[in-house]
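Undergrad: Please read through the structure below; I'll follow up with questions.
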Amino acid sequence: MGVLEGLVQGLYAAVSLQVLPYLIGGAILGLIIGIIPGLSGHFAMAMLVPFIFRMEPTVGITFILAAHATVAQGGGMTAILFATPGTGQNAATLLDGPKMTEKGEAGRAVGAAMTACFIGAFFGVFVLTLLLPVLRKVVLLFGPPEFFMLAILALTFIAVLGGAGSVNKGLIGGALGLMFAFVGMDSVTGAKRFTFGLLELWDGLSMVPVLLGIFAVSEMIDLWITGGSLARKAADGAHESMQKQIFAGVMDTLRNWWLVIRCSAIGTTMGLIPGLGSAPAAFVAYAHAKQTSKHPEEFGHGAIEGVIAPESANDAVEGGALASTLAFGIPGSSSMAILISALLILGVEPGPKLMVMHLDLVFLMIWTVVLGNLMGTILGMFIANPLAKATFLRGSLLVPILLCIIVTGAYIFHRSWFDMIVVLVFGLLGYAMKKLDYSRPAFIIGFVLGLMVERNLYLSLKLYGGKFLFQPLALGLAVLTILVLVYNIVKIVKSNRRAGIGVK
Amino acid sequence: MFHYGNRSGDRGDLRLVLLFLVVILMTVSVAGFASAKSIKDAAAFYKGKNLTLVVPYKPGGGYDAWGRLLAPYLGKYTGTRVIVKNMPGAGGMLGINEVYTARPNGLTINIQNAVAAVTNQLVGVKGVRYDLLKYNWIGRVTTDTRVLAMRKGAPVKTIEALINSKSPIKFGATGLGGSTYVDAVITKKALNLPIEIVHGYDSSSEVDLGLLRGEIDGTYGSYSSRLGMVKAGEQFIILQSGKKRAAAMPDVPTWFEVAPSEKAKEILSVLTAMHETGRPLAAPPGVAPERIAFLREAFDKTLKDPDFLKSIKKAKKEIDYVSGQEMEEIIRTSLEISDPEIKKVFVDAVKGDI
């Protein structure tokens, strides 16, 4: 089957009367799951697997993949409106999204985020389609040395993410995150680090409860203490103005098309790293936007680019994560692991054979990601208005409800009581960091990348010795890392000199 | 799938076996009439209740899949609503600890990675808060035949070539103490394999990618987990666990066939006995015997249900059933290592000192 033929057949299958209702149904479910804090795409898929046992392969695949595709959009909306990451991948959206809501620009932020999501997802699968003939080679280019260097490159963005201009506080935040990343049993030596005799800590802290604590619970504490509502400035007129705002947001994203493309490229590349997920990609995209912006001082105070960048990156990740899934039947993320088990249940064997024998199914997946995201974007814009009304509620009404949802979300992910404690403890830590201006994004980057750096460094050394750094791609990434670092340091020194002070 | 039961008389003293048999016979005959009634009582107890099946791993894995495949049928034959509860942590140990101390009313059971559970108890890993000898065994669902797979293009193509290789061959493995690691370390010792173990890969998926990239040459795994890559022509199998060649792999030698000495065979017997424990269902100690009997009966019916068998086939899984009573024996055998030298090999393999 030719590529073009597969492309057309895939589209034909996706919009057929038999499949389309499931695509729409899946997209709506995904959106709802995304809106609820703590429930992720992984969860959406796991939840739907039992329902697909008796479905046709095309229907089943579309159903669960559509649900997975729209989760990021729902999550983005929660992040913007309620200062709570709907899913882990939307954490970076919290840096500017809620600030826009506070200013009465919720509609604009949602419109921009939804559009960025769609373009990002489209970009990701577009690149994937272009690479289909050489997909195997591309996936195999990246081994432990390359993953190590990619993670180090991402870590250098901690410098850009520092809170309120203080580099030191950014670095401290990042180091704190690294420290928490190392909680648990070290898989190389078997040593138990910072586990304090608790079996619950052996596998390390899970990302979702930590993220929810650091970003969401801390905001709830803040809102509770300061009082008021999430939207501090009432948008005038409400309904019509909301529609106008959403439209303005869509235009904002389109005007920043070059930024969207660059951030989508970051997302797709980082999606190739197995098991990384999309949260770090979103932060790196955010840092990149801030770094290249003409007005970086606006970031963190409601800059529209601060919403566009992470939202385009976190959906572009899917393209990269699908790559190793399709090329080899090896999951690139926990969601992809569920997709693979779902494919097996449906009697479709993922892997190289799929690409040769069932190119139409491959394109069906690609079209589902595109159409599912389109659906999510359109639906999201309709849901935004009623949801936004809740942001005018008094904090004392909203906080208890949101807190319940957040803590439940943290519990549900692994069905673990311990995670409920984790979310509350990290809520306090997050609140302290917020008040004292230590960078929470830097914390999350350190937390998510710590193990990635450690594991791949060990594997690289064991496989190649110290020479691993001189492998061509790893070397290229190392040079890039140094360039980025030098650029940042020069920029920081310059801006400090302009301000007439040394490093704060 | 194959099956090699371990008869109780293998190594014991004959008189003890006879005594054992007499005791069993007496118990059976005395309890015979009573048990039919008490099982009926148990059925009345279970009817309409919730039965929690703890899966000690995250959703999405193989144990989770088994749990979810079993749940509706266990529910059908026990008259309960079976709730699958994931309780991941400490490599499966958390779920086994938790159920061990759960209320012994028979409404909480688990599916176990018994190979890991046995290894951890045997070695005395810190954190073990259970005694497998006291667990109530409901029955075994399946076992994993372990195989040694090499990547396409690996420098050695047969087990003989591997044994005789002059340069070290790199083997990928996941974390320390994980099955891919333990198998590699123990066979390295028993068969004098010239291998270098590169452990620390996050999952067996990443080991697969490493094999595809060619940075490592081989790995251990369960037969079912290797099958996809083998069918795709990316890997091939050169060695299998167990005493007999599996029907699916008639041309692949077992590790006993290439064992160089009696000592090696002894070490491998111990490892084989552990693998024999497979994936059983169990209830905590202290559950009333008639409820255990009832659960065992429901389990036996489940594994014979034609619809269940159909769904197993569709999910490309295989059953290797043994009853709860046989399972007790298998666990007991797997925990007996009389030779301190061999025990040390296992302790070192799990703790990473080899």
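Undergrad: At a Förster distance of 60 Å, what's the computed FRET efficiency of B:VAL230 paired with A:PHE247, Cβ-Cβ distance as r, to 0.05?
TA: Computed FRET efficiency for B:VAL230 and A:PHE247: 0.65.
Undergrad: If you don't mind, another one. Sort A:PHE215, B:PHE171, A:PHE470 by Cβ crowding within 10 Å, fewest neighbours at the top. Can you show the working numbers first?
TA: Numbers: A:PHE215 31, B:PHE171 27, A:PHE470 11.
Exposure proxy ranking, most exposed first: A:PHE470, B:PHE171, A:PHE215.
Undergrad: Sticking with this structure for a sec: Express in nm, to one decimal, how much length is gained between A:SER396 and A:MET179 on full extension, taking 0.36 nm for each residue of separation and deducting their alpha carbon distance.
TA: That pair, A:SER396 and A:MET179, stretches by 74.7 nm at full extension.
Undergrad: Same structure, new question: Take the alpha-carbon centre of the stretch B:81-128, take the same for the stretch A:372-440, and report the distance between them in whole Å.
TA: First find each Cα centre; the distance between them is then 32 Å.
Undergrad: A further question follows. Where is the GNM fluctuation largest for chain B (alpha-carbon springs, 10 angstrom cutoff): B:PRO289, B:PRO88, B:PRO250?
TA: The residue that fluctuates most here is B:PRO250.
Undergrad: Let me ask another. With a 10 Å Cβ neighbour count serving as the proxy for reagent exposure, in which order, fewest first, do A:GLU219, A:GLU56, A:GLU318 appear?
TA: Taking fewest neighbouring Cβ atoms as first place, the list is A:GLU56, A:GLU219, A:GLU318.
Undergrad: With no solvent and one equal point scatterer placed on each C-alpha of the stretch B:53-212, evaluate the Debye formula and give log10 I(q)/I(0) for q = 0.13, 0.14, 0.16 Å⁻¹, two decimals.
TA: -0.74, -0.82, -0.98
Undergrad: Helix B:62-78 versus the longest principal axis of chain B: what angle, 0 to 90°, nearest 10, using Cα atoms?
TA: That helix lies at roughly 20 degrees to the long axis.
Undergrad: Once the dipole of chain A is set up with Lys and Arg at +1 and Asp and Glu at -1 on Cβ about the Cα centre, which of A:VAL183, A:LEU379, A:LEU397 lies farthest towards its positive end?
TA: After comparing all options, I get A:VAL183.
Undergrad: Per residue of chain A, what 222 nm ellipticity follows from adding -39500 (n - 2.57) for every DSSP H run with n ≥ 4, rounded to the nearest 500?
TA: -23500 deg cm²/dmol
Undergrad: How large is the helix-only mean residue ellipticity at 222 nm for chain B, computed as the sum of -39500 (n - 2.57) over DSSP H runs with n ≥ 4, divided by its residue count, in deg cm²/dmol to the nearest 500?
TA: Value at 222 nm, helices only, nearest 500: -14500 deg cm²/dmol.
Undergrad: Sticking with the crude label model, points 7 Å out along Cα→Cβ, report the distance from A:LYS294 to A:CYS404 in nm, one decimal please.
TA: 4.9 nm
Undergrad: How big is the gap, in Å, between the Cα center of the stretch A:14-79 and the Cα center of the stretch A:286-331?
TA: With the stretch A:14-79 and the stretch A:286-331 each reduced to a Cα centre, they are spaced 22 Å.
Undergrad: Let me check I've understood the local charge: for A:ALA46, count other residues with C-beta under 14 angstrom from its C-beta, Lys and Arg +1, Asp and Glu -1. What total comes out?
TA: Overall, the nearby charge balance is +3.
Undergrad: Would you mind ranking A:LYS290, B:LYS263 so that the residue whose beta carbon has the fewest other beta carbons within 10 Å leads the list?
TA: B:LYS263, A:LYS290
Undergrad: Show log10 I(q)/I(0) for the stretch A:126-285 at q = 0.13, 0.16 Å⁻¹, two decimals, from a solvent-free Debye sum over equal Cα scatterers.
TA: -0.99, -1.26
Undergrad: Let me ask something additional. What FRET efficiency comes out for B:SER167 versus A:LYS137 if R0 is 25 angstrom and r is the Cβ-Cβ distance? Round to the nearest 0.05.
TA: 0.35
Undergrad: Would you work out the charge dipole size for the stretch A:3-496 about its Cα centre, treating the Cβ of every Lys and Arg as +1 and the Cβ of every Asp and Glu as -1, and quote it to the nearest 20 debye?
TA: Dipole about the Cα centre, nearest 20: 740 debye.
Undergrad: Along the charge dipole of chain B, which of B:GLY177, B:ALA90, B:TRP255 sits closest to the positive end, that is, farthest toward it, with unit charges on the beta carbon of Lys, Arg, Asp and Glu (+1, +1, -1, -1)?
TA: Going by the Cα projections, it comes out as B:ALA90.
Undergrad: Shielding by partners for A:178-190, please: the mean number of other protein chain Cβ atoms within 10 Å of each residue's Cβ.
TA: 3
Undergrad: Run through all the Cα pairs of the protein assembly as shown and give the fraction in each 10 Å bin from 0, expressed as whole percent.
TA: Percent of Cα pairs in each bin: 2, 12, 21, 24, 20, 12, 6, 2, 0, 0.
Undergrad: Kindly identify chain A as rounded, prolate or oblate by the Cα gyration tensor criterion: order the square roots of the eigenvalues as a ≥ b ≥ c, call it rounded if a/c is under 1.5, otherwise compare a/b with b/c, prolate if a/b is larger, else oblate.
TA: Because its axes are fairly even, with a/c under 1.5, chain A counts as rounded.
Undergrad: Over all residues in A:329-336, what is the mean tally of Cβ atoms on other chains that come within 10 Å of each residue's Cβ?
TA: Mean inter-chain Cβ contacts per residue within 10 Å come to 4.
Undergrad: Per residue, what volume in Å³ does the Cα convex hull of the stretch B:146-274 take up?
TA: Convex hull volume per residue, Cα atoms: 97 Å³.
Undergrad: If you don't mind, there's one more thing I want to ask. Using a 10 Å cut-off around each Cβ of peptide A:341-349, what is the average number of partner chain Cβ atoms that fall inside?
TA: What the average comes to for A:341-349 is 3.
Bear in mind these aren't lab numbers, they're just calculated from the coordinates by the rules spelled out. Given the structure is predicted, the values throughout are model-derived calculations rather than measurements. A quick note on method: Cβ atoms are made from the backbone with ideal geometry, for glycine too, and the neighbour counts reach across all protein chains shown.
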